[in-house]
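Structure record follows, encoded as structure tokens.
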Amino acid sequence: DVKVTQSSRYLVKRTGEKVFLECVQDMDHENMFWYRQDPGLGLRLIYFSYDVKMKEKGDIPEGYSVSREKKERFSLILESASTNQTSMYLCAIGGQPQHFGDGTRLSIL
Amino acid sequence: GEDVEQSLFLSVREGDSSVINCTYTDSSSTYLYWYKQEPGAGLQLLTYIFSNMDMKQDQRLTVLLNKKDKHLSLRIADTQTGDSAIYFCAGGKGGSYIPTFGRGTSLIVHP
């Protein structure tokens with residue numbers, strides 16, 4: 001079974017904080033993805049990575065960065081959190097198809 | 001690029017069949033998927049169909065693909081309250097690892 005683990009299910013942070021969301025996979029897959037999900041907007045791709053130390057911008061990268069130092073771990077970083085980044089964040093791995101973690105519901109106060 | 005459209009809501013009675021519809025624009029999509037998202041959880045792959053197929057059945061789930069109309073549907077037979085969730089349609093092309101997702105259809109099953 002594919003296992004994609006996101007470090008937190010729920011997270012509450014304050015405006016201006018630096019926030020790290022972690023994602024770990026056990027499938028040794030090259031491709032990892034970060035999405036955010038908002039009601040009525042579906043899934044929007046933030047960043048993705050095809051290999052270690054490699055990253056590509058998705059559709060909405062502004063305000064975010066990523067880190068992939070090891071193949072199994074892909075981190076999403078909110079450099080200075082703002083209230084409009086309150087959302088559900090989903091990590092995925094794979095290609096055709098993608099497999100998802102359980103998500104992190106992030107609230108920025 | 002690809003565009004995938006779904007209706008936002010569907011309400012059915014327990015025991016009835018549910019049909020969730022999806023249209024896509026890119027006729028070169030080679031893979032079409034259905035994902036299920038239960039409240040507070042991530043997306044779970046339910047089933048998929050290749051573009052060279054017309055139909056796929058898996059227990060209570062039937063996927064129909066009409067390539068001419070670029071229309072995909074998911075039928076759930078004998079719908080149960082545990083089927084209440086958001087269902088996402090997604091399409092992808094060979095050589096690309098990034099599918100295009102629809103906005104999701106909320107299925108509400110009431111007794």
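The values are calculated or read from the model by the stated rules, or taken from the named source; none is laboratory data. All values reported here derive from a predicted model rather than from experimental measurement. Note that we place each Cβ from the backbone using ideal geometry, even for glycine, and neighbour counts take in every protein chain shown.
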**Item:** Residue in the range B:50-65 that is over 19 Å from residue A:98 (Cβ atoms) and in contact (Cβ under 8 Å) with a residue 40 or more places away in the chain present
**Value:** no
**Asked** Only one residue in A:106, A:11, A:41, A:45 is exposed (fewer than 13 other Cβ atoms within 10 Å of the Cβ), closer than 29 Å to residue B:8 by Cα and hydrophobic (A, V, I, L, M, F, W, C). Which one?
**Response** A:41
**Asked** With (1) within 14 Å of chain B (Cβ to nearest Cβ); (2) within 11 Å of the chain's Cα centre (by Cα); (3) of a type in the set (Ser, Thr, Tyr) as the list, and residue A:8 as the residue in question, which single condition is left unmet?
**Response** (2)
**Complete:** Residue hits (the range A:73-85; under 19 Å from residue A:9 (Cα atoms) and touching an Asp or Glu at 6+ places or on another chain (Cβ under 9 Å)) are A:73, A:74, A:75, A:76, A:78, A:81
**Asked** Residues A:30, A:69: which one is acidic (Asp, Glu) and not in a loop (DSSP other than H, G, I, E, B)?
**Response** A:69
**Request:** For the range A:87-98, indicate whether the set of residues that are of a type outside the set (Ser, Thr, Tyr) and farther than 30 Å from residue B:7 by Cβ is non-empty.
**Result:** no
**Qualifying positions in the range B:55-104 - in contact with a Lys or Arg (Cβ under 8 Å, 6 or more places away or on another chain), closer than 23 Å to residue B:3 by Cα and loosely packed, with under 13 Cβ neighbours inside 10 Å** = none
**Item:** residue B:11 touching a strand residue (DSSP E or B) at 6+ places or on another chain (Cβ under 6 Å) and more than 14 Å from chain A (Cβ to nearest Cβ)
**Value:** yes
**Asked** Out of the range B:38-61, which residues are closer than 20 Å to residue B:84 by Cα, in contact with a strand residue (DSSP E or B) (Cβ under 7 Å, 6 or more places away or on another chain), among the hydrophobic types (A, V, I, L, M, F, W, C) and within 14 Å of chain A (Cβ to nearest Cβ)?
**Response** B:43, B:45, B:46
**Prompt:** If we scan the range A:67-83, do we find a residue that is within 12 Å of another protein chain (Cβ to nearest Cβ) and either without any contact (Cβ under 8 Å) to a residue 60 or more places away in the chain or not basic (Lys, Arg) (or both)?
**Reply:** no
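Is there a residue being in a loop (DSSP other than H, G, I, E, B) and within 12 Å of residue B:89 (Cβ to Cβ) anywhere in the range B:30-52?
no
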**Message:** Checking the structure you have, find out if any residue of the range A:72-87 is modelled with pLDDT under 95 and part of a strand (DSSP E or B).
**Reply:** no
